[in-house]
1. Go through 78-89, 35-46, 9-20 and give me the packing order, highest mean Cβ count within 10 Å leading.
2. Just check the range 49-90 against the gyration tensor rule for me: Cα atoms, a ≥ b ≥ c as the square roots of the eigenvalues, rounded for a/c under 1.5, and otherwise prolate or oblate depending on whether a/b exceeds b/c.
3. Subtracting the Cα-Cα distance from 0.36 nm times the residue separation, let me have the gained length for SER52 to LEU76 in nm, one decimal.
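Since every read-out is calculated from the coordinates, none of them should be taken as a lab result. Nothing here was measured: the structure is a model prediction, and the numbers come from that model. Cβ sites come from the backbone with ideal geometry, for glycine too, and all protein chains shown count toward neighbours.
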Amino acid sequence: DRVYFGGFTADKDRVVFALDQALRPTDLPSGTAINAALVDASEAFREARGLSGYRSVIILTDNRGLNYQVPDELVLEKLFGEDVVLNAVVTKNA
């Protein structure tokens, strides 16, 4: 399960709204495969080559996930390859 708020945007109000919605604990799935989602995000950036501006992904995490199926090294390779910055908000109860 993924929390997804639509395509790419430069609309800061939309970003703030999406973050606000993502912070609602009843709406968040548990056991999210963050590494797989990050690889998917890098592919979305690859497919949207015509976009200009900063390329950034924001995740909310408790940093306790397992990533044995998609290793960190692959995620970093994919994100770096698309010039994407990863911002992680790590909380006790993400």
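1. Top to bottom by mean Cβ count within 10 Å: 35-46, 78-89, 9-20.
2. On the way: a/c = 3.48, a/b = 1.50, b/c = 2.31.
Oblate, since a/c reaches 1.5 and b/c is not below a/b.
3. So the extension gain works out to 6.5 nm.
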